[in-house]
Each structure stands twice: as structure tokens, then as C-alpha cells.
Amino acid sequence: TVGIMEQREHLMAMAKELDNVQRSLIKLAEENKDTIIPNYTNGVAAQPNSLAHHLIAYANAYNRDMQRVREYYARLNRSPMGSMVLNGTGWPLDRDRMADYLGFDSIAYNTYDAGQIFPQEAPIETGGITNAIAIHTTSFIEEIMQQYAQPRPWILLKEGGGNTYVSSAMPQKRNPGILNSCRTDASTLLGMSVEAAFRSHNIPTGMADGRLSGRMDIVPQATKVLSEFDRILNNLVIHPDRSLEELNLDWTCSQEIADQLMKKYGIPFRVGHHFASDVVTYARANNITPADFSYEDAKTIYAKSVADVAKEDPSIPKAFPMTAEEWKNAKDPVAIVHNRAVKGGPQPSELNKMIEMAKKDLANNEAWVASTENQLSQSEKKLNNDFDQMLK
């Protein structure tokens, strides 16, 4: 019972940090609706996106972590009090009344389950929840660390204040200290969850090896990771002009070119993809950026790229069908983001909707934390008041 009550307190502390992280992500998103960034796949710049869209995706992820906490809390907050060692007792204990005094929602009905099985199962489920938190956190950190490999990052930490530190050997370096420490603590958290699983493996139910206890609970470590991550979020420096510059230096627009050829002119995607790939090959060989790639060169490459397939399929235009204005817009990262048309995309109308949805999720989570803490507080107050009455 004490182990469950201790973890219950730990979960409330972690839930508050999850709320803080969601709040910080939403705030950053609102401040960066117009910031256009490269998103990466396989570590390579892939497509332009809105930074706000990217941040709200992480807010959604941490909201799911909070949902897992709330679902687990419902399973955790059942009182084993009175179940005794494993099969109850001959004394007519009022388990329901004890549960009410201790702030539980109900009792863990089966006494063997209450004392033997669930306490061994709980640390495993806790590990699943905290593992997701650790993975979300380290993924975000690695996306920032990727920028530190560049001489002019578009996102980095504010210098000083314990956020960064100067290298002991190389004076030019400002190492991202809190990114490193938070990632280390997240890795430690993953290790602790594996340890909890091994403690419960191949032992009879109810043994102390794997039983839930406050001393071995991994939730406080997860709370520490979230607190550090929230500090990171509140100490980021974002350069929208630099992120747009990075986009305009590379060919993250190439899929859009193929998409536009298919959508507007019925050219099969494989054909448009081949043309766009030829454009990129030529551009990189001649050190030409998307903004500087001329309409005339596009027409020339297109004619060569489709020559063979156009002979076999008369429906494919032999001459480049895009207008000069369409060619320009297809290469514009801002236009690409704003022209997305599906639900959940980064276009302003959908972005605003998703920010409001994230705010509602956060408000719901905050209300749950406040209500749960109030219930626990009222139960404790009732218990103490009734004891005081007995002592008079």
C-alpha cells in the first residue's frame, strides 16, 4: 500500500512536468507559426515544414504520454489494504472504508492479485510509460544536436547560464551542456526500466525483487528528464532567416516539383520524379541553388529527361509544361508549406486548429491533475480529522 501511495505522489509530480513541457511546446509553436524549417529523414534534409507544425507534433506525443499516465493511474489507485499476505484475513476489515481514507478510487478486489501480482506488474507498466517519454525527449534533442554540427545553426541554446560551456581544449566551442545531461539522464531512465523488468523476471509472484516500492521507483528519474527538457525548450534561440537560407541552399523542393507536374499536367509521378532528380544532379554538379536554377535550364533538362518515355506515351508533354511562375513557386519553401491541402498539414488554417486542439488537451490534463490532487488532499484531511476526533 505504501509503495502504491509513494508512486502515486511521484506520478503527480511527473504529470505536472508533462504539463509544463506541453505548455512550453505550444508557446514556442505560437511564436514560430511563420518559421519555415527543413525536416530531416535519414539525417538528410527532406522537405520544408513549419516549425510550429513540428513542435505541435511533439506536444501531441507528450499528451499521449500523459494519457498513459492517466490510464495507468486508474489501475494503480486501487487499494490493496486489508488483502493481507495473499488471501485476506479472518478479521472483518472494512477495506472500502480504508481505501476511502487513503485516497484510493476503489479496492484491488482479488486479494491475491492485490498483494502478489499487481505490485510485480506495476514497475513494468511504469517502464513502458517512461520509455516513451525518454524516446520523445532524446529524439527532439538529437534534432537540435544535428544543427550543432553546422557552423551557423538555425536552432541552438542560449549561451551561458549553465546551458552551454566552453571546451577545455578548443576555445571556439560552446558545448550544449544541458542537451548532453538531459540525454544522459534519459538513457539512464531507459536502463532503469530494463532493470525493473529483469528484477521481475523468473521469480515467484510477490517477491521483493520486482515489487513496486518508492525506493526503486523510476518515475522520479522521468520527472527529472522532463524538467531538464522543459529548461531546454525555454532556452532555445531560433533563427528563421537561417532555416530558410538552409532550405534555399538545398533541393527539399524536388518532390513538390514532381507533385505539381502530376497534379496540374497529369504527368506520372515516376516521370516527374525522374525529371526532378535530373535537375538536382545537374544543379549540384554546377553548384546551383533552387532559387538560382533558371526556367530555361529546367525546360532543357525536362526535354532530355522525358524524351524516351514521351515517345512511348503520347500523353506526356514533350515540352516543359510549367509556366515560369509555377516553376518559381514549386521551388519556394514558404509556398510549399502554405499550399498543403490535407487535414493536419502545416498550412496556416490547419496549424491554428491544431494549436487550439493542443491547448484543449493541456487544459484537460491540468484539470485532471488539480482534481486528482484535490481528491488526495481531501481524503488525507478527512483521515486526520477523524483521528483527531478519536483522540479527544
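Bear in mind that the values in this text are calculations on the coordinates, not laboratory data. All values derive from a computational prediction rather than experimental measurement. Using ideal geometry, Cβ is built from the backbone for each residue, glycine included, and neighbour counts are taken over all protein chains shown.
The table for this structure:
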quantity	calculated
Sum of -39500 (n - 2.57) over DSSP H runs of 4+, divided by residues of the chain (222 nm, nearest 500)	-21500 deg cm²/dmol
Highest average packing first - 354-360, 128-134, 99-105, Cβ atoms within 10 Å	128-134, 99-105, 354-360
Radius of gyration and Dmax over the Cα atoms of segment 254-331, both given in Å	11.5, 34
Quotient of C-alpha Rg and 2.2 N^0.38 Å, computed over the chain	1.33
Residue exposure sequence - V44, V280, V69 - by fewest surrounding Cβ within 10 Å	V44, V280, V69
Likely footprinting exposure, H274, H10, H53, fewest C-beta neighbours within 10 Å first	H274, H10, H53
Highest to lowest packing among 308-320, 340-352, scored as the average C-beta count within 10 Å	340-352, 308-320
Reach of K382 by Cα under 30 Å, taken over lysines that are not fewer than 8 positions away in the same chain	K16, K392
Pairs of lysines in segment 254-331 (C-alpha under 20 Å apart; 8 or more residues apart or interchain)	13
